[in-house]
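Contents: one structure, followed by commentary.
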Amino acid sequence: MTVSLSHPALSAADPELAALVADEEQLQADTLRMIPSENYVSQAVLEATGTVLTNKYSEGYPGRRYYEGQQNIDPVERLAVERAKAVFGAEHANVQPYSGSPANLAVYLAFAEPGDTVMGMSLPMGGHLTHGWGVSATGTWFRGVQYGVRADTGLTDFDEVRELALKERPKIIFCGGTAVPRTIDFAAFAEIAREVDAVLVADIAHIAGLVAGDAHPSPFPHADVVSTTTHKTLRGPRGAMLLSRESKAKALDKAVFPGLQGGPHNHTTAAIAVALREAAQPSFRDYAHSVVANAKALAESLQEHGFELVSGGTDNHLILMDLTRNGVPGKIAAKALDRAGIVVNYNTVPFDPRKPFDPSGIRIGTPSLTSRGLGTDQMPLVAQWIDRGVAAAGNGDEAALAKIRAEVRDVMTAHPAPGLPTA
Ligand code: DSN
């Protein structure tokens, strides 16, 4: 274990914990982090999360709090709200949800009663637990009906979605998910939602940074509510926001507080404000477009190596690889790649014959490596590492994995990560 020089107070007070943080810094510095929902935040965002704003309670909303001493907290939250509205073109923003799942739960509280029918993409097809999937509270307290993708294209079948919506008459329709490699057609979902008088919720957690940087179409004006985390492509702290039309504002605010949560995490609100300021800069637009360019270049290189990609490629930051024809289960591949310094997650693929805890695919993405300045020229090398890593996973070649690990370390050391101490 190494002791971090960058956290002197923590190191003195709790060397054991400080050493774990230092080890994590080292790991994040010298690995190729390819989990598509992860990223590196800036030093400014990190600093905001570590401020004394964590000391303050502020139940309520700016100007309407249940605690005194809000002279600085109210302006912090107002800044975050105004920046969120500006970046996403929203009429209303609530920046208090603790994370994505509570944000989505607040939507249910606002617009449905227990037992009501709700509709979303099924988890194994690329949706999210909170879109009405059975093991989630949203699938037990509500009646979740689920759409998927077509087996032949890997794409959403809007005839199927419409048919299901007309039959089931859901109160809420969710679009978006956690393993959707293609552009989400918000207008098509909105048309269906209007037809059955459902509230359309666009969960843009994965693509929020791409929307902010104009590298994915905006869910507005199509969606009634937009739910997003702030820590994925948006490159903010771990938190969430609910954005909406004005007509939905009151119900959402009431659902978040006092419906579901107590005091907002003001240090997180501050860091969200900082991240949104960064997202409004021209350089963030470049970042968002580079994330997509890298993912497309990587998808192409992976296909040249013979890999099968769900939907045949990507339009965004995410690639879902089906390893069935490689004969290597996703979990075995993910664990071997981890030993090679390439951090991914194993994932179900649509119509997966295997179990979720031991599925056929891996999910990869380009947000983090783009934050470190890797570009399209380096994607063939990344594809080659993945190809060699999956092959080594298949034949148990630990020496090959160790060789990739050394190569990854060399390349990543030459690309310092935002927010991490430099040697
Ligand atoms: N856990 C997130 C992801 O990895 O996509 C979604 O909540």
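The values are calculated or read from the model by the stated rules, or taken from the named source; none is laboratory data. Since this is a predicted model, take the numbers as computed values, not measurements. FYI the Cβ positions are ideal-geometry reconstructions off the backbone, even for glycines, and counts take in every protein chain you see. All accessible areas refer to the heavy atoms of the entire protein, side chains included, with ligands and DNA or RNA removed. Shrake-Rupley method; radii C 1.70, N 1.55, O 1.52, S 1.80 Å.
Some values worked out for this structure:
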quantity: Flag for ALA48 being open to solvent by less than 30 Å² (accessible area, probe 1.4 Å) and in a helix (DSSP H, G or I); calculated: yes
quantity: Subset tally (residues that are within 18 Å of HIS92 (Cα to Cα) and open to solvent by 10 Å² or more (accessible area, probe 1.4 Å)) for the stretch 228-255; calculated: 8
quantity: One residue from ALA19, ALA9 being more than 23 Å from PRO219 (Cα to Cα), part of a helix (DSSP H, G or I), away from the ligand (no atom under 16 Å from the Cβ) and open to solvent by 60 Å² or more (accessible area, probe 1.4 Å); calculated: ALA9
quantity: Subset of the stretch 22-43 [assigned to a helix (DSSP H, G or I) and either within 22 Å of ASN94 (Cα to Cα) or open to solvent by 50 Å² or more (accessible area, probe 1.4 Å) (or both)]; calculated: ASP23, GLU24, GLN26, LEU27, GLN43
quantity: Where a residue in the stretch 301-325 is free of Cβ contacts under 8 Å to residues at least 40 places away in the same chain and its partner, wherever it lies, is in a loop (DSSP other than H, G, I, E, B) and among the aromatic types (Phe, Trp, Tyr), with Cβ under 9 Å and at least six apart; calculated: ASP322/PHE307; ARG325/PHE307
quantity: Output for the stretch 327-350, where each listed residue is out of contact with any Gly (no Cβ under 7 Å at 6 or more places or on another chain), in a helix (DSSP H, G or I) and buried (at least 23 other Cβ atoms within 10 Å of the Cβ); calculated: ALA333, ALA334
quantity: Qualifying residue in the stretch 22-43 (condition: among the acidic types (Asp, Glu), farther than 21 Å from ARG245 by Cα and free of Cβ contacts under 8 Å to residues at least 12 places away in the same chain); calculated: yes
quantity: Strands (runs of 3 or more DSSP E) (entirely within the stretch 105-202) containing at least 2 residues that are within 16 Å of the ligand (Cβ to nearest atom), within 20 Å of the chain's Cα centre (by Cα) and buried (at least 18 other Cβ atoms within 10 Å of the Cβ); calculated: 117-121, 172-175
